Amino acid sequence: MCVVGAGQSGLALGFHLQRLARRRKQAGGPPTSFVLLDDGAEPGGAWVHGWDTLCLFSPAAYSSLAGWPMPPWPHEGTPSAAHVASYLRDYEARYALPVHRPRRVVAVTEAGGAGRGRLEVLTEDGSRWWARVVVNATGSWSRPFWPSVPGRDFFGGVQVHTVGYRSAATLPGRRVLVVGGGNSGAQIAADLLLHSAREVVWATRTPPRLLPDDVDGRVLFATATRAVRERDAGRTSAGVASLGDIVVTPGVREARDERGLRAVGMPDRLTATGAVWADGTTRLVDTIVWCTGFRPALRHLHPLGLSTRRGHPVTRSPAPGSTAAVAVDDPRVFFLGYGDWCALASATLIGVNRSARDTAAAVADRVDRVEVLAESGQS
């Protein structure tokens with residue numbers, strides 16, 4: 001088995017795969033092996049690249065992967081991105097997970113010759129790996145989405161995406177336009193208001209829906225869990241979307257209450273020196289921060305020609321009640337940790353645990369069935 005990505009989702013899966021392999025060995029079953037290929041130079045996934053004030057939505061006790069709790073956060077508020085990255089680094093070492101880095105996967109193809117149904121995984125440095133199953137846990141941080149806004153190519157100031165933002169101190173310009181109605185847009189706009197003397201305009205396509213101040217990741221996870229149970233029982237549920245879109249972190253709360261953080265609508269177009277709104281309002285802008293989201297980092301799967309819907313591969317559950325996600329076109333290709341199109345809350349630390357467990361069971365079952373067919377000469 002080959003797992004592409006060793007951030008929080010890949011490590012969660014690695015834990016469960018390792019546990020299954022140990023149980024199989026103890027029961028006298030055939031050996032199984034897996035490898036995690038990660039493009040990062042160091043452990044920690046996307047958390048090592050976040051901006052300085054980025055923090056979790058939940059306390060450490062509600063942000064752990066299976067097997068080992070995240071160490072307590074000794075300061076006020078919720079754990080920082082650096083604390084999370086340190087936890088993931090130690091988690092990887094604690095379980096001696098077979099991570100190879102840096103190994104950026106550039107293509108997954110059909111294995112030729114005696115591949116017998118295997119997939120060939122090619123990395124940027126020329127390394128090749130062969131696997132019965134490939135699980136994609138790459139996340140989306142490496143594939144930022146830049147929207148098409150009239151005039152964006154003619155704007156003369158600085159433009160950065162969320163991935164390029166580090167702190168208010170390192171951002172150029174005195175007049176900043178922050179674009180995006182999600183958590184990153186709210187947090188970065190708040191960070192700039194609280195830690196600089198800049199003029200900050202926060203623009204969103206639709207009015208942002210801030211969650212109640214007392215709602216954090218614990219409540220969101222509980223709500224998502226109830227939604228899964230309702231869905232499994234054949235009932236509909238509004239789920240997390242019914243609560244709002246943006247978690248009110250301490251920074252967002254302070255910027256809202258003390259610095260007047262409010263959003264305006266999206267500008268109609270950009271000019272060389274600023275932005276213009278539909279009502280004729282014009283603002284001078286030196287810098288734009290595009291907090292406009294990401295797309296799944298799955299270009300390495302293009303050679304397989306998988307069916308897609310709304311920008312991501314079409315998946316199904318391999319078994320009733322399972323939260324694993326397998327490509328409808330290819331039972332050898334699984335996906336983990338990309339959010340609701342894979343499994344509810346699976347893009348979060350605590351939320352990925354169930355789908356990681358189910359995915360480990362599903363891929364192990366797939367390998368077992370393929371091995372039986374191979375022995376009978378049917379593969």
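The values are calculated or read from the model by the stated rules, or taken from the named source; none is laboratory data. All values derive from a computational prediction rather than experimental measurement. With ideal geometry, Cβ positions are generated from the backbone for all residues, glycine too; neighbour counts draw on all protein chains shown. When the accessible area is computed, the model is the full protein with side chains, heavy atoms only, and any ligands, DNA or RNA have been set aside. Shrake-Rupley method; radii C 1.70, N 1.55, O 1.52, S 1.80 Å.
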- Segment LEU122-ARG269, length gained on full extension (0.36 nm per residue, minus Cα span): 48.7 nm
- Item | Residue of ALA85, ALA186, ALA96 that the Gaussian network model of the chain assigns the largest fluctuation, springs spanning Cα pairs under 10 Å | ALA96
- Query: What angle, in degrees between 0 and 90 and rounded to the nearest 10, separates the Cα long axis of helix 352-375 from the longest principal axis of the Cα atoms of the chain?
  - Reply: 30 degrees
- Each residue of region 148-155 in turn: what ³J(HN,Hα) in whole Hz from Karplus with 6.51, -1.76, 1.60 and θ = phi - 60°, glycine and Pro shown as x? 8, 10, x, x, 4, 6, 9, 4
- Efficiency of FRET from Cβ geometry, ARG174 and ARG295, R₀ 35 Å, rounded to 0.05: 0.65
- Item | Neighbourhood net charge (11 Å Cβ-Cβ; Lys/Arg +1, Asp/Glu -1) for TRP129 | +2
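Relative to the present Cα-Cα distance, how much length would full extension add between VAL314 and ALA107 at 0.36 nm per residue of separation?
Working: separation 207, 0.36 × 207 = 74.52 nm, distance 1.88 nm.
Taking 0.36 nm per residue and subtracting the Cα distance, the gain is 72.6 nm.
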- Query: GLU199 accessible area, nearest 10 Å², 1.4 Å probe?
  - Reply: 90 Å²
- Message: Can you give me the accessible area per residue for region 278-379, using a 1.4 Å probe, in Å²?
- Response: 46 Å²
- Give the accessible surface of region 1-67 per residue, rounded to a whole number of Å², with probe radius 1.4 Å and ligands, DNA and RNA excluded. 43 Å²
- Message: For a quick check, take a GNM of the chain with Cα springs below 10 Å and name the residue from HIS195, HIS312, HIS75 with the largest mean-square fluctuation.
- Response: HIS75
- Message: Using amide H atoms built in the peptide plane, which far-off residues or other-chain residues are under 5 Å from THR273 H to H?
- Response: GLY156
- Task: Could you calculate the contour length gain from ASP340 to THR206, that is, 0.36 nm times the residue separation minus the distance between their Cα atoms, to one decimal place in nm?
- Result: 46.1 nm
- Query: Quick one: of the DSSP bridges fully inside the chain, what percent are antiparallel, nearest 5?
  - Reply: 45 percent
- If a/c stays under 1.5 just call it rounded; otherwise compare a/b with b/c (prolate if a/b is bigger, oblate if not). Do that for region 1-154, with a ≥ b ≥ c from the square roots of the Cα gyration tensor eigenvalues. oblate
- Query: At a 1.4 Å probe radius, carbon and sulfur cover how many percent of the accessible area of the chain?
  - Reply: 51 percent
- Message: How far apart, in nanometres, would the label points at SER148 and THR282 be if each is projected 7 angstrom from Cα along the Cα-to-Cβ direction?
- Response: 2.7 nm
- Note on the structure: Percent relative contact order for the chain, counting Cα pairs under 8 Å at least six residues apart, stands at 20 percent
- Message: Using only the heavy atoms of the protein chains and a 1.4 Å probe, how would TYR91, TYR62 rank by accessible area, largest first?
- Response: TYR62, TYR91
- Task: At a 1.4 Å probe radius, which order do HIS49, HIS300 fall into by accessible area, largest first?
- Result: HIS49, HIS300
- Item | Paramagnetic reach from GLN159 (point 7 Å along Cα→Cβ, amide N under 15 Å) across region 259-296 | 267-276, 285-293
- Task: Treat each spin label as a single point 7 Å out from the Cα along the C-beta direction, and report the ARG23 to VAL328 distance in nm.
- Result: 3.1 nm
- So what does ASP213 come to for accessible area, using a 1.4 Å probe and Å² rounded to 10? 70 Å²
